[in-house]
1. Any residue at all in the stretch 23-43 that's modelled with pLDDT under 65 and either exposed (fewer than 10 other Cβ atoms within 10 Å of the Cβ) or in a helix (DSSP H, G or I) (or both)?
2. Can you find even one residue in the stretch 85-93 that is part of a strand (DSSP E or B) and under 21 Å from Val179 (Cβ atoms)?
3. From (1) in a helix (DSSP H, G or I); (2) free of Cβ contacts under 8 Å to residues at least 12 places away in the same chain, pick out the condition that doesn't hold for Ile162.
4. Looking at the stretch 86-99 only, could you name the residues that are buried (at least 16 other Cβ atoms within 10 Å of the Cβ) and at pLDDT below 90?
5. Does the stretch 169-176 contain at least one residue that is farther than 18 Å from Tyr62 by Cβ, outside any helix (DSSP H, G or I) and in contact with a Pro (Cβ under 6 Å, 6 or more places away or on another chain)?
6. Condition check: closer than 13 Å to Ile162 by Cβ and of a type in the set (Ser, Thr, Tyr). Does Tyr97 satisfy that?
7. Being polar (S, T, N, Q) and either within 15 Å of Thr90 (Cβ to Cβ) or under 27 Å from the mean Cα position of the chain (by Cα) (or both) is the filter here; which residues of the stretch 117-150 pass it?
8. Looking only at residues in the stretch 60-79 that are more than 26 Å from the chain's Cα centre (by Cα) and over 18 Å from Thr119 (Cα atoms), which one is surrounded by the most Cβ atoms within 10 Å (Cβ to Cβ)?
Amino acid sequence: MGNTNGTPTTGYQTLNAVDEYHRYRKWNIALAIIGAILLALVVAVLITYMALDASRRTRVVYTILGREVGNETSDLRLRGQLILDSSDKTIEWDLRYTNVDDVPLAVYINGPIPVGLDTGPLDIALCGSPSVVACDTTVPALLRGKIDIYNGNSLKTYISAIRALPAIYYITVHFGTSVVLRAELGMSAGN
């Protein structure tokens with residue numbers, strides 16, 4: 001047998017070719033493994049960065065979608081946003097309610113909800129009693145406001161607690177007719 005240039009090949013040359021093939025194959029496998037490890041590291045770093053970034057966002061906006069407490073078939077609705085800003089330590093709300101013919105008296109953030117229960121204690125009165133801020137009812141069916149202090153204290157601890165576990169907090173809007181609208185803190189987005 002000859003090789004491509006017409007010279008005869010020996011068993012030694014064949015063994016060298018086989019050894020060389022196996023060396024290249026080992027290098028290809030090694031490079032593939034290194035590539036997979038690097039890819040996994042890049043993905044892990046990106047996931048970690050996104051998780052850290054989410055916890056460092058200064059403004060987190062929660063979607064509010066709710067309805068009347070105790071009446072699941074009611075057409076009374078609540079929707080809007082709750083904004084927690086950790087940089088200037090403020091809580092802002094923009095809520096719209098439908099099919100309620102009364103004036104809102106108070107807006108609360110309730111929680112944390114204890115395990116096994118579906119209600120939690122009053123955490124922050126955004127407006128209305130016992131807050132010193134009156135609810136702005138100048139625009140019908142719309143509640144907007146912003147606070148930077150509660151009971152003489154900074155909102156930092158409240159904001160941190162809510163952002164750590166938003167699923168155990170909810171908003172309630174109380175009306176003069178004893179109607180209460182409730183909304184869990186929904187999806188969040190930050191900037």
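1. To start, the set of residues in the stretch 23-43 that are modelled with pLDDT under 65 comprises none.
No, the stretch 23-43 contains no residue that is modelled with pLDDT under 65 and either exposed (fewer than 10 other Cβ atoms within 10 Å of the Cβ) or in a helix (DSSP H, G or I) (or both).
2. Here is the first cut: in the stretch 85-93, the ones part of a strand (DSSP E or B) are 85, 90-93.
Within this subset, residues satisfying the condition of being under 21 Å from Val179 (Cβ atoms) are 93.
Yes: one or more hits.
3. (2)
4. Those that are buried (at least 16 other Cβ atoms within 10 Å of the Cβ) and at pLDDT below 90: Ser86, Lys89.
5. Here is the first cut: in the stretch 169-176, the residues farther than 18 Å from Tyr62 by Cβ are 174-176.
So of that shortlist, the ones also outside any helix (DSSP H, G or I) come out as 174-176.
Restricting the remaining residues to those that are in contact with a Pro (Cβ under 6 Å, 6 or more places away or on another chain) gives 175.
Yes, some residue in the stretch 169-176 is farther than 18 Å from Tyr62 by Cβ, outside any helix (DSSP H, G or I) and in contact with a Pro (Cβ under 6 Å, 6 or more places away or on another chain).
6. On the way: closer than 13 Å to Ile162 by Cβ: no; of a type in the set (Ser, Thr, Tyr): yes.
For Tyr97, the condition - closer than 13 Å to Ile162 by Cβ and of a type in the set (Ser, Thr, Tyr) - is not met.
7. First pass over the stretch 117-150, keeping only residues polar (S, T, N, Q): 119, 129, 131, 137-138.
Of everything in the stretch 117-150, those that are polar (S, T, N, Q) and either within 15 Å of Thr90 (Cβ to Cβ) or under 27 Å from the mean Cα position of the chain (by Cα) (or both) turn out to be Thr119, Ser131.
8. Going through the qualifying residues, I end up with Leu76.
The values are calculated or read from the model by the stated rules, or taken from the named source; none is laboratory data. Nothing here was measured: the structure is a model prediction, and the numbers come from that model. Neighbour counts are summed over all protein chains in view; Cβ atoms, including those assigned to glycine, are modelled from backbone coordinates with ideal geometry.
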